[in-house]
Amino acid sequence: MQFDAILFPPRRAAMIAQGFWRDRTINDDLDACLQHRPDKEALTAVSIERGETRRLTYRELARLADRLAVGLARLGVERNDVVSAQLPNWWEFTVAYLACARIGAVFNPLMPIFRERELSFMLKHAQSKVLIVPKRFRGHDYEQMIADLRSALPELRHVLVIGGNGSNDFGALLEGAQDETPEAQALLRRNRPAPDDITEIIYTSGTTGEPKGVMHSSNSLVANVVPYAERLRLGDDDVVLMASPMAHQTGFLYGLFMPITLGARALLQDIWEPRKAVETIRSEGATFTMASTPFLTDLSNMVAETGLAVPTLKIFLCGGAPIPGPLVERARKTLGTKIVSAWGMTENGAATLIKPDDDDERAFNTGGCPLPGVELRVVDSDGAPLPNDTRGRLLIRACSNFGGYLNRPHLNGTDADDWFDTGDLASLDDQGYVRIDGRSKDVIIRGGENIPVVEIEALLYRHPAVGQVAIVAYPDERLGERACAVIVTKSGQSIDFREMIDFLKSQKVALQYIPERLMVLDQMPSTPSGKIQKFKLREVVKESAPSAQAAAGG
Ligand code: ADP
């Protein structure tokens, strides 16, 4: 597979000269751990689904990675081939990435919530050779789902099933792989990726009708993870809880990549149960976690309800979605944990963070200030810089910025000076702290999960009764936002909420993307040129009383 990461080469010389690109890969860090702390616990995977906790030392982790690497190579995976993994926060997730890194394969994490529609697009677009899935997770049969898609995916040579019982069993491949033979050792040495090679492709929900494949190299990932850990003063004695999905950039970077970079311990939880999280933090001594606001709300409510304190937890880093100040303030008091607010994207990682010594007020009111190697700029609609405290389009130029969208360079949104348009609206204060204040891009962020509005609207346009449709957000206390579909039907036609849900389900879309309310109007508010005025719809939807529909939406 050829990767058109055209944004990397022009950036390289300056990044190396300034020390922001370190020319390291995860292999260097894993090898360092193997050398200096082989018997340290690297990974503790608490699985609610499987009812077990799996512990791996660095030695065991590296061995499993080598074995899977050899197993994948034996299946025909070569350098620059894409290996997709649709996995929960299980130990196999970490092993799968490390195995890919051992042989220069490109890792493509896929969210467990994805269904046939998202999966078939992404697997095809990334030309994945191998897909790793659980047999079942949360009642869903992944093996069956992928079996139904196989015929339309000619590039996909192998599906490895965790808990499978056929010839495609992940465990059998791992067991059977001989990693100690001279040939295997030579293979593991020969195919190591270079720091500028693409190491990860991760899809971000499209604002353009289709998901976009964000390309990262080891250099662009390490350029975020190292300054992030330095700012937070995280080190090898930290225990990093990750209960947010590892198939999101947050989980991947800070629940997998960073702990190995630091030689720390990763503590994974596969299903979000706040009570279990509190127990795990207490029993395993978690010191740090990162997640979006609903996790913070739930954790703080659980601690308040049970009186079970979490004294080891030094920092809760909250980002990925708008962060309501009062929530952060309440959580700070209840948990007694420093709450660090952050802003970032899949394209660049958490790029702004407050500093641990900042006043709490900073976390209540801003998304922090740039990490070293990150520059921000707020501009007007013509691209002219705006004064401090003035709201405008947020641009970022960063050592951790992605290399481009796979096979879609025209969507890279990056100018000749390497400034990337984030699609967020924000202002900067005189100390460089950013305040995120809306979006120019059309996405809805439901509990940290971005809903691809344009894609779901396009699906609804296929319904025979739909004349016009617009999906807009309405506020929700826990999730921040939920989605409402506003529809004008074709004359003589009708659609109700249940029909809309059934229709979208029949399109095999991720359940979390399905609007939780429907409003049918006679006419859309539009500009003279016919463009739907979503800001007016948001007001109408916000003011109309939520119906029982939200509960039915799932
Ligand atoms: P993530 O994995 O962090 O959710 P995404 O790429 O899915 O990354 O979403 C990034 C978007 O999330 C940003 O462009 C912004 O709209 C939103 N976001 C991230 N952090 C914040 C924040 N602190 N405040 C408001 N919105 C945020």
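The values are calculated or read from the model by the stated rules, or taken from the named source; none is laboratory data. As the structure is a prediction and not an experimental result, all values here were calculated from the model. Because the Cβ atoms are built from the backbone with ideal geometry, glycine has one as well, and the counts that use them run over all protein chains shown.
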- Is it the case that some residue within segment 4-21 is closer than 15 Å to Ala264 by Cβ and in contact with a helix residue (DSSP H, G or I) (Cβ under 9 Å, 6 or more places away or on another chain)? no
- If you take the residues in segment 287-305 that are of a type outside the set (A, V, I, L, M, F, W, C) and away from the ligand (no atom under 16 Å from the Cβ), which one is surrounded by the fewest Cβ atoms within 10 Å (Cβ to Cβ)? Glu305
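Here's the yes/no breakdown for (1) closer than 27 Å to Val95 by Cβ; (2) in contact with a strand residue (DSSP E or B) (Cβ under 6 Å, 6 or more places away or on another chain); (3) within 16 Å of the ligand (Cβ to nearest atom):
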position	(1), (2), (3)
Thr261	yes, no, no
Gly285	yes, yes, no
Gly307	no, no, no
Pro311	no, no, no
- Note on the structure: Of (1) hydrophobic (A, V, I, L, M, F, W, C); (2) more than 11 Å from the ligand (Cβ to nearest atom); (3) surrounded by fewer than 23 Cβ atoms within 10 Å (Cβ to Cβ); (4) within 29 Å of Asn219 (Cα to Cα), Leu371 fails just (3)
- Message: Considering only segment 215-226, I want to know if a residue exists there that is touching a Gly at 6+ places or on another chain (Cβ under 6 Å), within 16 Å of the ligand (Cβ to nearest atom), under 30 Å from Leu119 (Cβ atoms) and of a type outside the set (D, E, K, R).
- Response: yes
- Message: I'm trying to understand the selection: among the residues of segment 269-283, which are part of a helix (DSSP H, G or I) and surrounded by fewer than 19 Cβ atoms within 10 Å (Cβ to Cβ)?
- Response: Arg275, Lys276, Glu279, Arg282, Ser283
- Residue ID - modelled with the highest pLDDT, chosen from residues in segment 143-179 that are more than 19 Å from Ser84 (Cβ to Cβ) and surrounded by 11 or more Cβ atoms within 10 Å (Cβ to Cβ): Ala172
- Candidates Asn407, Asn348, filtered to the one that is of a type in the set (S, T, N, Q), away from the ligand (no atom under 13 Å from the Cβ) and touching a residue at least 40 places away in the same chain (Cβ under 8 Å): Asn407
- Screening Ile495, Ile501 for residues that are assigned by TED's automatic domain parsing to the domain that holds Phe535 and not in a loop (DSSP other than H, G, I, E, B) leaves only Ile501
- Task: Can you work out which of the residues in segment 314-326 that are among the aliphatic types (A, V, I, L, M) and in contact (Cβ under 8 Å) with a residue 60 or more places away in the chain is farthest from the ligand (Cβ to nearest atom)?
- Result: Ile315
- Return yes or no: is Ile162 more than 20 Å from Lys505 (Cα to Cα) and among the β-branched types (Val, Ile, Thr)? yes
- The one condition in (1) buried (at least 22 other Cβ atoms within 10 Å of the Cβ); (2) farther than 28 Å from Glu273 by Cβ that Leu75 fails to fulfil: (1)
- Message: Among the residues of segment 211-268, what is the count of those that are part of a strand (DSSP E or B) and more than 22 Å from Ile281 (Cα to Cα)?
- Response: 6
- Which number in (1) within 14 Å of the ligand (Cβ to nearest atom); (2) in contact with a strand residue (DSSP E or B) (Cβ under 6 Å, 6 or more places away or on another chain); (3) under 30 Å from Asp358 (Cβ atoms) marks the one condition that Gly432 misses? (1)
- Task: Kindly indicate whether any position in segment 198-212 is surrounded by 23 or more Cβ atoms within 10 Å (Cβ to Cβ), of a type in the set (S, T, N, Q) and at pLDDT below 95.
- Result: yes
- Note on segment 114-158: residues aliphatic (A, V, I, L, M) and either out of contact with any Leu (no Cβ under 8 Å at 6 or more places or on another chain) or within 26 Å of Asp4 (Cα to Cα) (or both) are Leu119, Met122, Leu123, Ala126, Val130, Leu131, Ile132, Ala147, Ala152, Leu153, Leu156
- Query: Before we move on, is Asn365 more than 10 Å from the ligand (Cβ to nearest atom) and polar (S, T, N, Q)?
  - Reply: yes
- Note on the structure: In segment 336-384, anything within 30 Å of Gly403 (Cβ to Cβ) and of a type in the set (Val, Ile, Thr) is listed as Val340, Thr346, Thr352, Ile354, Thr366, Val374, Val378, Val379
- Query: Do the conditions hold for Asn407, that is, is it part of a loop (DSSP other than H, G, I, E, B), within 21 Å of the chain's Cα centre (by Cα) and under 24 Å from Glu200 (Cβ atoms)?
  - Reply: yes
- Message: Suppose we keep only residues that are β-branched (Val, Ile, Thr) and within 8 Å of the ligand (Cβ to nearest atom) within segment 435-453. Which one would you say is farthest from Arg393 (Cα to Cα)?
- Response: Ile445
